[in-house]
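Peer 1: Pasting a structure here, questions to come.
Please treat every number below as a calculation from the coordinates, not as lab data. Small disclaimer: the values here were computed from a predicted structure and weren't measured. Every residue, glycine among them, receives a Cβ derived from its backbone with ideal geometry; neighbour counts consider all protein chains shown.
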Amino acid sequence: MTRPAIVIGLGGTGQWVLTFLKKELLEIGHGVMPKEVRLISFDTTSRTTATTGQASNRDEDKGVRAGAVELIDGKEFIPIGDQVGPLVNEIAQGKHPHLQWFPAQTFQSKLPPAAFNTKEGSGQIRQMGRISIFNDLSAILKSKILSHLGAAVQDLKGIVNKDVQMEIIIVGSLAGGTGAGMLVDIALLMRAQASQLVGGNHVVRGFFVLPKAFTYGGIGESRDMLARSFAAWRELDRFMIVSKRFGPRQINYHET
């Protein structure tokens, strides 16, 4: 019996990893996925390239495949990209105090309108990946993220007991915009869902690819990729410390 596990892929790298993991699990199970495992891939674009850390491109003809294996749209692959322009306008007007980490006015003055349609990707901007989460959560009852996380935990809840712990594994890249922008919030949301449904009998683990993975013969890694990775890692480090008395750490973002 496989241990109950929810594997969450973020961004293009997460989608590739989950696709190959699904291929391996199907081969081990002779064409049948283990009933104790759930795969969920969250991304902003409808399809991504394999080179996370570079801008994602939509490809209507070719999806991410490992042989004949691919993730099932709407079940295993969940696109959360949307037109976030209206939400950005409200942030720029001073609304939503909890979203003032997003530099709305600066982005509006420097980025083209198309940049706020995250269905086309986060454009290597971590804040775009993260604002896509908050945009999805703005209508709680319609949230793709909460519904899929909750359903996955609910499906495996009956297998978990004092001797069998639920494993939650989050995988992605720190080099791009989507995965690096989403990892902290997805981890916190997943932990909250699991705590509510299975109590403390779960563990959350993360596996994150660093910029060196995208270096080919010294070409590929960039200063921007290093900066995104550093920023994501610093946030992760701060959020790892959670106090039962005071809750998660609060981060106040400086304008620069």
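Peer 1: Could you tell me the convex hull volume per residue, in Å³, taken over the Cα atoms of region 56-163? Kindly include the intermediate steps, with their values, before the conclusion.
Peer 2: Details: hull volume 17.7 nm³, N = 108.
So the per-residue hull volume is 163 Å³.
Peer 1: With each label point set 7 Å from Cα along the Cα-Cβ vector, what nm distance links residue 119 and residue 243?
Peer 2: A separation of 4.5 nm, rounded to one decimal place.
Peer 1: Can you pull the Kirkwood radius for region 97-212, inverse mean 1/r over Cα pairs, to one decimal in Å? Could the numbers behind the result be given before it?
Peer 2: On the way: mean 1/r = 0.0632 Å⁻¹.
With all distinct Cα pairs of region 97-212 included, I get 15.8 Å.
Peer 1: Further, regarding this structure: Would you tally the net charge around residue 83, using a Cβ to Cβ cut-off of less than 14 Å, leaving residue 83 out, and scoring K and R as +1, D and E as -1? Numbers along the way, then the final one.
Peer 2: Working: positive: 119; negative: 82, 90, 120, 136.
Once positives and negatives cancel, what remains is -3.
Peer 1: Apply the Debye scattering formula to the chain, with a single equal point scatterer on each alpha-carbon and no solvent, then give log10 I(q)/I(0) at q = 0.10, 0.16 Å⁻¹.
Peer 2: Result of the Debye calculation: -0.49, -1.27.
Peer 1: Can you compute the helix-only [θ] at 222 nm over the chain? Use -39500 (n - 2.57) per DSSP H run of at least 4 residues, normalise by all residues, nearest 500 deg cm²/dmol.
Peer 2: Numbers: 7 runs with 96 residues, N = 256.
Value at 222 nm, helices only: -12000 deg cm²/dmol.
Peer 1: Also, quick follow-up: Which distance in nm do the two modelled labels at residue 90 and residue 111 give, with both placed 7 Å along the Cα-to-Cβ direction?
Peer 2: 1.7 nm
Peer 1: Taking 0.36 nm per residue of sequence separation and subtracting the Cα-Cα distance, how much length would be gained by fully extending the chain between residue 205 and residue 28, in nm to one decimal?
Peer 2: Full-extension gain reported as 61.4 nm.
Peer 1: Turning to a different aspect of this structure: If you project the alpha carbons of region 62-101 onto the principal axes, what extent comes out on each, in Å, largest first?
Peer 2: 49, 18, 16
Peer 1: Note down the magnitude of the dipole of the chain about its Cα centre, charges +1 on Lys and Arg C-beta and -1 on Asp and Glu C-beta and zero elsewhere, to the nearest 20 debye.
Peer 2: On the way: 29 positive and 23 negative charges, 127 e Å.
That gives the chain a dipole magnitude of about 620 debye.
Peer 1: Considering amide H positions built from the backbone, and no H for Pro or chain starts, which residues 5 or more places from residue 170, or on another chain, come under 5 Å of its amide H?
Peer 2: 8, 205, 206, 207
Peer 1: Right, something else. Considering only 34, 112, 103, give the residue with the highest GNM mean-square fluctuation for the chain, with springs between Cα atoms whenever their separation is below 10 Å.
Peer 2: Looking only at 34, 112, 103, the biggest GNM fluctuation is shown by 112.
Peer 1: Picking from 96, 202, 148, which is most flexible by a Gaussian network model of the chain using Cα springs under 10 Å?
Peer 2: 96
Peer 1: Next up: If I build a Gaussian network model for the chain, linking alpha-carbon pairs within less than 10 angstrom, which residue out of 228, 126, 65 has the largest mean-square fluctuation?
Peer 2: 65
Peer 1: So for each of 189-195, 36-42 I average, over its residues, the number of other beta carbons within 10 Å; can you give me the resulting order with the highest mean first? Don't skip to the answer; put the middle values down first.
Peer 2: On the way: 189-195: 18.7, 36-42: 23.3.
Answer by packing, highest mean first, reads 36-42, 189-195.
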